[in-house]
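I have placed the structure first, in the form of structure tokens, so that the comments after it can refer back to it.
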Amino acid sequence: MYKQSTLLRHYIAWGAWGVLSFIISLVVFYPYLNTYFASDDWRTILRNMDITILRNMDINWLEIPTWFIQLRVGWYRPMHDIFIAICWHFFGLKPLGYHIISLIFYALISANVGLVASLLSNNKDIGLISVVLFSVFATHAEPVLWLSGTNELIAGFFTLTSLIAFIYFKKNQHFMYFIITCVTLLLSFASKETTLFLPAMLISYDVLTKVQKNEKWNIKNTLPLLIIILLWIGFLLFRIPLGSAYDDIFVFSIPRFMLNIIFYILIGIFLLPKNYVFLESIPTWHATPFLPLAALIGSSLIIIVLAWIWYKNDINFLKVQNNMLLFGIIWGITAIIPVIFVVSERAFFIASFGVIWIMATMFVGAWQTVQAYSKLRQEGQSLLYQAIILLFVGYVGLNVCILNYRSKWFYTSGVINQQVTTQLETHLQDVPDTTKVVLLNLPNHTQYTPTFRNAFPAISHVLKYQHQFELVLDTQWKQLLPQQQEHYLDAMQQTNMIIFLYHDGIIKVFSP
């Protein structure tokens, strides 16, 4: 049974880690906190800007259950919808407020990551290192800076809260913690469907704990798991008939499966920036190869050295932490299964918890290994300590550099969106509402950062344009030969429409 003093220490550590993470994250993301909306952000805002319950903050409590029993514009993400609707009510088209709230959620998740690590390993150092690594992890730009990706923050928060409550329940058998486990489990499902892996992790934790303690199975300690499984089955029976906006992506093929595994290994373990992973990235490699090479070589060397220390040294600490490592591996693999057919940075967000737990455990394990060899000469021990510190600083530095690099492209994508919408507002002032507006060559993505993909016609609705828009993205436009482009434009000029051509941040009225 956990003593109240022990719980209090955990809560204090959780709060301190949350503050630390917020400070680190604020420093890292500060240059990008005004990142404007881009791509799917506009559809996300449009879908939730008119939730009636929040329009005048006059709450109709009878309406709340309807959020959780049906799709909204093809989506089932009620917790994320509520988050966006509240942010829209208070911040409107001012992105700073959205990103500050995202950073707060990010810090809460970071504290949860640290607390889980501390509880599983019984080592606060692993918890602290997990918090630091999470705050700067290379793949986290998209969930923090891209409004459409904040569903990962909401889902991640409830996922870890459910796990923490379950751990406390198993430690002290207080029924309140099991209630919290079940409620936050369902809230995680209502945040994003990919959290359906969570019951498997709760079961994994229970099994690892029983094996470690040589505890026998009985009705009393099995019943909570059965309740969790029933909740999971019940949600599936409710959710599957509703359908999904992603129905078309779940087409299994072995090549696609293998390529996506390689993608997630490269960006999530070896820290390769997303925009360097694709075959189309060869020109980018030629132009700026230092960062991806530093990421691949640096992360590989650090992992190899830490793994070698772990393998070669048989001390009690390492034996105790085997379950911590095993849980991190199981988490990473299990969390990636629901998103394996999606190629996205944000899709790795929840799976990254496992990577962080593994790396934090290996860093602390290396440090404890040096401490265990007290017979070493003081000079030699000091050099080993310095080497481990250097490895840790190098790993943190790599993550910061790549996180900053990817954040820059999200910021750039937002800048392009803001430039185009501002120019459109000026150009359309004297254009009759009945005129069709064609936008040519707008960037689909900027260094594989979504820019205008899926942006129109949502932009026109959010910004209250009265015109009908047609969009031809650069990926479509560049496929046309120059003669075809000219013919296409000439044909469109014969109708009642105005054509804008985008080039280097400027849209101009096209005149053939």
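The values are calculated or read from the model by the stated rules, or taken from the named source; none is laboratory data. On a predicted model such as this, the values are computed, not experimentally measured, just so you know. Here the Cβ positions follow ideal geometry from the backbone for every residue, glycine too, while neighbour counts run over all protein chains shown.
Annotations for the structure displayed:
- Pro143 without any contact (Cβ under 8 Å) to a residue 40 or more places away in the chain and either of a type outside the set (A, V, I, L, M, F, W, C) or in a helix (DSSP H, G or I) (or both): no
- Residues in segment 295-316 that are of a type outside the set (A, V, I, L, M, F, W, C) and modelled with pLDDT under 90: Tyr311, Lys312, Asn313, Asp314, Asn316.
- Boolean, Thr288 is surrounded by fewer than 18 Cβ atoms within 10 Å (Cβ to Cβ), among the polar types (S, T, N, Q) and in contact (Cβ under 8 Å) with a residue 40 or more places away in the chain: no
- For segment 317-352, the set of residues classified as modelled with pLDDT of 90 or more, part of a helix (DSSP H, G or I) and aromatic (Phe, Trp, Tyr) consists of Phe327, Trp331, Phe348, listed by residue number.
- Some residue of segment 159-177 being under 16 Å from the mean Cα position of the chain (by Cα) and in the same structural domain as Leu93 (by TED's automatic domain parsing): yes
- Unmet requirement for Leu390, which otherwise passes all of (1) crowded, with 17+ Cβ neighbours inside 10 Å; (2) without any contact (Cβ under 8 Å) to a residue 40 or more places away in the chain: (1)
- Consider segment 439-471 and keep the residues that are more than 27 Å from the chain's Cα centre (by Cα) and of a type in the set (S, T, N, Q). The one that is nearest to Thr422 (Cα to Cα) is Ser460.
- Whichever residue in segment 192-211 is closer than 24 Å to Tyr11 by Cβ and modelled with pLDDT under 95 and, among such residues, is surrounded by the fewest Cβ atoms within 10 Å (Cβ to Cβ): Thr209
- Among the residues listed as Tyr395, Tyr373, Tyr411, the single one being surrounded by fewer than 17 Cβ atoms within 10 Å (Cβ to Cβ) and either over 30 Å from Ile459 (Cβ atoms) or within 19 Å of the chain's Cα centre (by Cα) (or both): Tyr373
- Screening Thr161 with (1) at pLDDT below 95; (2) touching a helix residue (DSSP H, G or I) at 6+ places or on another chain (Cβ under 6 Å); (3) farther than 28 Å from Asn34 by Cα gives one miss only, at (1).
- With respect to (1) surrounded by fewer than 18 Cβ atoms within 10 Å (Cβ to Cβ); (2) among the aliphatic types (A, V, I, L, M); (3) assigned to a helix (DSSP H, G or I), the lone exception for Ala111 is condition (1).
- Some residue of segment 42-56 being modelled with pLDDT of 80 or more and not in a helix (DSSP H, G or I): yes
- Residue check, Trp367 under 20 Å from Leu128 (Cβ atoms) and modelled with pLDDT of 90 or more: no
- Any chance Val438 is β-branched (Val, Ile, Thr), without any contact (Cβ under 8 Å) to a residue 24 or more places away in the chain and surrounded by 18 or more Cβ atoms within 10 Å (Cβ to Cβ): no
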